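One structure is given below, encoded as structure tokens.
The values are calculated or read from the model by the stated rules, or taken from the named source; none is laboratory data. For clarity, every value in this text was computed on a predicted model and none was experimentally measured. Glycine also receives a Cβ, built like all others from the backbone with ideal geometry; neighbour counts cover every protein chain displayed. What goes into the accessible areas is simple: the full protein's heavy atoms, side chains included, and nothing from ligands, DNA or RNA. Shrake-Rupley method; radii C 1.70, N 1.55, O 1.52, S 1.80 Å.
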Amino acid sequence: MSATFFSATYGEARQRFLEAARGAGAAVQHHVHPLKGAAGEEIGTDTALLGPADATKLFIVSSGTHGPEGFSGSACQLALLNDELSKRATDRGIALLMIHAVNPFGFSHLKRTNEDNIDLNRNFNDFSAPYPDNPVYEQIHDLLVPAHWPPSADNEERLTEAMGRLAGQRNPGVSSGQDKHPDGLFYCGTAPAWSNGTIRSILRTHGTNKRHIAWIDVHTGLGPYGHGEKIFGRHSEETTRRAKAWWGSDLIVSTASESVSPRTIGHITGCAPEECPGAAITPTTLEYGTVPNPVVRHALRGEAWLAGHPDAPAPLTKDIRRAVRDAFYVDADDWKGMILGQFRAQALQTINGLINEQI
């Protein structure tokens, strides 16, 4: 049954999300993107709000920050809309906000990045200050994004050697983010993207009057097959204590050596304290493993190359887009069951944490 919550396209995922939200009695809002989807369809970031209007606690679940990672995030949201857990939350005075398709352009076009090749989890930063230099990335940009695609055997060999040599460099690491190469991987952009402004507006609308906001942002692509790592960034001792009490000893701080996630600057949940300064914020990223890391990296390299070659032949473009989709979404029932089972467990932990926390 769990597999039924997964959709085959962005358009299907959006339609099913909106139907389920309205069926659950949620207040729905649309934030229409200025561009069109892969099939020429309207695309946008949609929200569904459940719960009492005077709720002081808010539980956010967001999907699709990285385009096709939205296949799993959307399924988690759809499952929660059809789960008694949502009623458990709202009956105890918690508002439930689902943000569907943070990056609708990438979701529809099967791009992890947005319409400008921006990695949105590197875009929520202070653009009045320079983005930190990433000398590790600089060393291998030309190998990661070669002049021709697919890459030559010599390019692959040299990249493998370089990645092995740099394997211990995590802070910053290759994927920590960079602002020097708009055609590269993990590009942060030079200004807030459309999705950045949209998310901030959503937070101001729904979060400014809240005392406590919990946030799960669903991702895929890193770690062992089907395993959901609960990633937690740098926060105060109080927030760290609370997060560990809610989510258990398997909560991984992103700066720890055992985390599958490198240190990044500009991740989406980091804007919550800025937009909702009066609220306590308890955020986490739920990151599900898909395929081996070299396969994921190859797909991202192809996506970056394609961003710089929009006139690429249609068959090659299709192959690259499909590779990106397959790197972040495993169309297998066992994997889908693992995703929804772990999400439900963490959603329950989050709801119970909000119920019991006295803030």
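Would you confirm whether any residue within the stretch 238-258 is closer than 23 Å to P68 by Cα, at pLDDT 85 or above and surrounded by fewer than 20 Cβ atoms within 10 Å (Cβ to Cβ)?
Checked against the condition, which is being closer than 23 Å to P68 by Cα, at pLDDT 85 or above and surrounded by fewer than 20 Cβ atoms within 10 Å (Cβ to Cβ), the stretch 238-258 yields no hits at all.
Please enumerate the residues belonging to the stretch 264-296 that are within 22 Å of L58 (Cβ to Cβ), open to solvent by 40 Å² or more (accessible area, probe 1.4 Å) and in contact with a Gly (Cβ under 8 Å, 6 or more places away or on another chain).
Within the stretch 264-296, H267 is the sole residue that qualifies.
Looking at F59, F6, F71, can you tell me which residue is under 15 Å from the mean Cα position of the chain (by Cα) and among the aromatic types (F, W, Y)?
F71 is the lone residue from the list that is under 15 Å from the mean Cα position of the chain (by Cα) and among the aromatic types (F, W, Y).
Could you say which residue among G93, G73, G51 is modelled with pLDDT of 95 or more, open to solvent by less than 10 Å² (accessible area, probe 1.4 Å) and not acidic (D, E)?
Going through G93, G73, G51 in turn, the sole match is G73.
Which of the residues that make up the stretch 323-341 are more than 19 Å from the chain's Cα centre (by Cα) and part of a helix (DSSP H, G or I)?
Residues satisfying the conditions are D333, D334, G337.
Give the residues of the stretch 261-285 that are touching a strand residue (DSSP E or B) at 6+ places or on another chain (Cβ under 9 Å) and over 19 Å from H212 (Cβ atoms), sorted by residue number.
Selection gives S261, H267.
Inside the stretch 328-344, can you point out the residues that are exposed (fewer than 14 other Cβ atoms within 10 Å of the Cβ) and either at pLDDT below 95 or of a type in the set (A, V, I, L, M) (or both)?
A332
Kindly check whether there is at least one residue in the stretch 212-232 that is over 30 Å from G337 (Cβ atoms), open to solvent by 30 Å² or more (accessible area, probe 1.4 Å) and in a loop (DSSP other than H, G, I, E, B).
no
Find the helices (runs of 4 or more DSSP H) located wholly in the stretch 29-127 whose residues include 3 or more that are free of Cβ contacts under 8 Å to residues at least 24 places away in the same chain, and list them.
Correct list: 84-91.
Is it fair to say A167 is over 20 Å from the mean Cα position of the chain (by Cα), of a type outside the set (S, T, N, Q) and not in a helix (DSSP H, G or I)?
Considered against the rule, which asks whether it is over 20 Å from the mean Cα position of the chain (by Cα), of a type outside the set (S, T, N, Q) and not in a helix (DSSP H, G or I), A167 comes out as yes.
Filter the stretch 76-90 for residues that are in contact with a strand residue (DSSP E or B) (Cβ under 7 Å, 6 or more places away or on another chain) and either of a type in the set (G, A, S) or at pLDDT below 95 (or both) and give the result.
S86, A89
Here's a check for you: in the stretch 300-318, which residue that is outside any helix (DSSP H, G or I) and without any contact (Cβ under 8 Å) to a residue 12 or more places away in the chain is most open to solvent (accessible area, probe 1.4 Å)?
D311
So which residues in the stretch 128-162 are free of Cβ contacts under 8 Å to residues at least 24 places away in the same chain and surrounded by 14 or more Cβ atoms within 10 Å (Cβ to Cβ)?
If the condition is that a residue be free of Cβ contacts under 8 Å to residues at least 24 places away in the same chain and surrounded by 14 or more Cβ atoms within 10 Å (Cβ to Cβ), then D142, L143, N155, E156, R158, L159, A162 are the ones that fit.
Is there a residue being modelled with pLDDT of 95 or more, under 22 Å from I281 (Cα atoms), touching a helix residue (DSSP H, G or I) at 6+ places or on another chain (Cβ under 6 Å) and not β-branched (V, I, T) anywhere in the stretch 60-70?
Scanning the stretch 60-70, I find at least one residue that is modelled with pLDDT of 95 or more, under 22 Å from I281 (Cα atoms), touching a helix residue (DSSP H, G or I) at 6+ places or on another chain (Cβ under 6 Å) and not β-branched (V, I, T), so the answer is yes.
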